[in-house]
Structure formats: structure tokens, C-alpha cells
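The values are calculated or read from the model by the stated rules, or taken from the named source; none is laboratory data. Predicted model only: the values in this text are computed from it and were never measured. For neighbour counting, all protein chains shown are included, and Cβ atoms are generated from backbone atoms with ideal geometry for every residue, glycine included. SASA here: full protein model, heavy atoms, side chains in, ligands and nucleic acids out. Shrake-Rupley method; radii C 1.70, N 1.55, O 1.52, S 1.80 Å.
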Amino acid sequence: MKKALILVGDGFEDAEFLYPYYRLQEEGFEVDVVGNEGGKLFAGKRGYPVKSNKAAKDVKIDEYAVMVVPGGHAPDKWRMDDN
């Protein structure tokens, strides 16, 4: 099965997560939701809650055909995070 990952963090742009998430599944991808911690609940800019199923440190990027980085505040927060 093809694999995709979507990076999430607090303040992600909800629509930029939701649309790719469901479209990738419709196209037969196994989609992993990846955050700074696995099993953590993240809130989108518009309040949509998403739970990560993997921590970024546990990802082997060469296993994935697609990576989605939703906009919003999350990417800027990742950029400033020292971890």
C-alpha cells in the first residue's frame, strides 16, 4: 500500500489538512498523521481537533510517497522549535 504523511501541530490550517487527508485515502493511501508526539491531540486554527498517530522522530521518510504540510501557524512554530 502507498503511504502518505501529514504533519500537524497546533494552529494548522484545518482545510489544508482535511482535504488532502480524505483525498489521499480515497486514492488508496495509508495516511499517517505526524506530530511532535504520537497520540497527541492538536487543534486547527478553526478548532478542528486531530490526533497524531506517529511522532516525527519515529518516521522513516523513505517509506512515504507523499508528504503534506498544511499551512497555518504550525509550520512557523516547527521552524522555531529547537527539538
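Legend: residues K57, K51, K45, sorted from most to least accessible area (1.4 Å probe; ligands, DNA and RNA excluded), read K57, K51, K45.
When only Cα pairs below 8 angstrom with a gap of at least 6 residues are kept, the chain shows a relative contact order of 41 percent. Taking every DSSP helix (H) stretch of at least 4 residues in the chain, weighting each as -39,500 (n - 2.57) and dividing the sum by the residue count yields a mean residue ellipticity at 222 nm of -7000 deg cm²/dmol.
Counting only Cα atoms, the chain measures 33, 26, 19 Å along its principal axes, largest extent leading. Overall, the chain carries a charge dipole of about 100 debye about its Cα centre when +1 sits on the Cβ of Lys and Arg and -1 on the Cβ of Asp and Glu, all other atoms neutral. A Förster radius of 22 Å, combined with the Cβ-Cβ distance separating A43 from A65, puts the computed FRET efficiency at roughly 0.20.
Average accessible surface for the range 1-74: 57 Å² per residue, computed with a 1.4 Å probe over protein heavy atoms with every protein chain in place. For the chain, the tally of Lys pairs with Cα-Cα distances below 24 Å comes to 21, considering only residues 8 or more apart or on different chains.
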